[in-house]
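First comes the structure, then the notes that go with it.
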Amino acid sequence: MKIVFQNLTKKFPARNKKARGEVVAVNDFNFEIPDGALVGLLGPSGCGKSTTLNLICGLQKPTGGKIFFGEDDVTNLPPENRGVGLVFQNYALYPHLTVEENIRFPLENLKGADKLSKEKMKEKVYAAARMVQIEELMERKPNELSGGQQQRVAIARALVKTPRVLLLDEPLSNLDARLRLQTREEIKRIQRETKITTIFVTHDQDEAMSISDIIVVMKAGVVQQIGRPQAVYDDPVNLFVARFLGTPPINVFDGEVRGRRLYIGGEAVLDVCAVPDQPVFVGIRPEGFILQEDGPLHCHLSHLEVMGRDVSVVSTHENSQNVVIRSIIDAENPPEEHAKTVAFAIKPRKVFLFHKETEERIRFELG
Ligand code: ADP
Ligand code: MG
């Protein structure tokens with residue numbers, strides 16, 4: 001089922017009466033989600049992710065704009081008629097019901113022509129349980145399950161009615177690191193098998209990048225960029241997106257373009273064409289540094305962090321916006337540990353320039 005947002009907007013009155021105006025939680029969102037895609041909706045807390053999901057499932061009404069499932073305008077359809085499966089961070093299982101009863105719950109409310117026989121319900125409940133691999137837990141109560149198992153039950157419950165659309169709001173946030181990894185692979189597998197169009201909300205860029213076919217990066221209610229995870233990482237449209245994606249984060253310097261050269265401090269670090277002279281923010285990905293004795297960029301070496309395959313070189317620079325600069329270097333050729341400075345050459349494709357005021361990307365050609 002493809003999903004279309006047309007100028008989707010949601011405003012809330014300001015909570016604080018003294019504060020004037022309103023909160024625009026979702027601001028003019030336009031997007032067509034292809035049938036069967038897994039979309040990661042990504043952004044910091046408060047950027048409008050949950051509000052977007054609530055609009056899609058019908059728990060909230062938009063202030064403006066429309067939502068289509070396929071060709072159906074569902075904007076004013078009540079939630080129960082939309083065919084949406086929902087999973088939340090806190091599982092929201094009924095504590096007094098068994099796993100089986102929890103999963104069956106949505107089927108028991110079906111009325112009229114949709115009403116199911118006991119056998120049919122059981123079939124569907126077990127099919128959903130098998131999908132998330134919890135068949136052996138059917139008699140347990142939620143408090144007899146681990147967090148990961150509870151979340152599987154919640155996912156099975158969302159799948160049992162074979163929804164047209166599956167919405168997951170920070171579903172892994174309550175799980176510990178290992179379960180988080182495992183469960184996100186699980187969700188990816190389930191989505192591939194069912195091919196249900198899925199929107200996965202998270203503030204964790206790593207999670208969104210690894211699981212999604214397409215990511216949508218939001219900031220303060222406004223969509224910043226939409227694309228394949230790698231494409232957005234390799235080609236961010238602005239400083240916010242560049243900073244939001246990647247661990248360790250991108251290194252940002254105050255720089256200047258002057259006479260077809262890019263300067264950081266007094267050092268000309270790259271030849272750049274087709275950019276008028278101006279001050280800029282220079283973003284360099286951690287993997288964009290090459291240790292090179294006669295490299296043009298000199299940083300003060302702080303220490304090395306061994307990561308196994310790689311070494312993270314931690315250094316500082318007067319023009320760095322980040323407290324420290326992290327460069328990822330092949331562990332076989334680390335810098336001299338007690339050196340005062342390190343010299344780097346820079347991989348041009350790992351360097352992005354941004355306008356000092358607007359923070360929009362400035363594209364350059366290599367000199
Ligand atoms: P996210 O899920 O990305 O953390 P939300 O969608 O929950 O963000 O919230 C987006 C913005 O809308 C925030 O500024 C939040 O305070 C505001 N907001 C959300 N729900 C309400 C509400 N019911 N009333 C007023 N403001 C709200
Ligand atoms: Mg939220």
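The values are calculated or read from the model by the stated rules, or taken from the named source; none is laboratory data. Fair warning: this is a prediction, and the values are worked out from it, not measured in the lab. All Cβ positions, glycine included, derive from the backbone under ideal geometry; neighbour counts span all protein chains shown. The area values use the complete protein model at the heavy-atom level, side chains included, leaving out ligands, DNA and RNA. Shrake-Rupley method; radii C 1.70, N 1.55, O 1.52, S 1.80 Å.
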Go through (1) closer than 24 Å to Glu80 by Cβ; (2) buried (at least 18 other Cβ atoms within 10 Å of the Cβ) and name the single condition Gly36 misses. (2)
Under the condition of being in contact (Cβ under 8 Å) with a residue 40 or more places away in the chain and open to solvent by 40 Å² or more (accessible area, probe 1.4 Å), which residue from the range 163-176 is farthest from the chain's Cα centre (by Cα)? Arg164
Per-region count, the range 184-209, residues under 9 Å from the mean Cα position of the chain (by Cα) and of a type outside the set (D, E, K, R): 7
Any chance the range 132-144 includes a residue that's part of a helix (DSSP H, G or I) and more than 11 Å from Val99 (Cα to Cα)? no
Look through the range 177-203, keep the residues that are open to solvent by 50 Å² or more (accessible area, probe 1.4 Å) and touching a strand residue (DSSP E or B) at 6+ places or on another chain (Cβ under 9 Å), and return whichever of them is farthest from ligand 1 (Cβ to nearest atom). Arg192
If I filter the range 123-132 for residues that are open to solvent by 60 Å² or more (accessible area, probe 1.4 Å), within 34 Å of the chain's Cα centre (by Cα) and under 22 Å from Gln182 (Cβ atoms), do I get at least one hit? yes
Matching residues, the range 306-354, being open to solvent by 30 Å² or more (accessible area, probe 1.4 Å) and touching a helix residue (DSSP H, G or I) at 6+ places or on another chain (Cβ under 7 Å): Arg326, Ile328, Lys347, Lys350
Would you point out the residue of the range 25-55, among those that are more than 17 Å from the chain's Cα centre (by Cα) and under 18 Å from Gln225 (Cα atoms), that is nearest to ligand 2 (Cβ to nearest atom)? Ala25
Is it fair to say Lys10 is surrounded by 21 or more Cβ atoms within 10 Å (Cβ to Cβ), more than 23 Å from Ala208 (Cα to Cα) and within 16 Å of ligand 2 (Cβ to nearest atom)? yes
Could you please let me know if Phe253 is surrounded by 21 or more Cβ atoms within 10 Å (Cβ to Cβ), closer than 30 Å to Gln225 by Cβ and touching a helix residue (DSSP H, G or I) at 6+ places or on another chain (Cβ under 7 Å)? no
Checking Val23 against (1) under 18 Å from Gly221 (Cβ atoms); (2) exposed (fewer than 15 other Cβ atoms within 10 Å of the Cβ); (3) touching a residue at least 12 places away in the same chain (Cβ under 8 Å), which test does it fail? (2)
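For every residue, the table says whether it meets (1) at pLDDT 95 or above; (2) farther than 30 Å from Val84 by Cα; (3) of a type in the set (Phe, Trp, Tyr).
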position	(1), (2), (3)
Ile196	yes, no, no
Val216	yes, no, no
Leu239	yes, yes, no
Leu245	yes, no, no
Asp254	yes, yes, no
Pro279	yes, yes, no
Ile284	yes, yes, no
Val306	no, yes, no
Name the residues in the range 209-246 that are open to solvent by less than 40 Å² (accessible area, probe 1.4 Å), part of a helix (DSSP H, G or I) and not aromatic (Phe, Trp, Tyr), would you? Ile211, Pro229, Ala231, Val232, Leu239, Val241, Ala242
Unmet criterion (only one of (1) open to solvent by 10 Å² or more (accessible area, probe 1.4 Å); (2) closer than 30 Å to Tyr233 by Cβ; (3) in contact with a strand residue (DSSP E or B) (Cβ under 9 Å, 6 or more places away or on another chain)) for Ser45: (3)
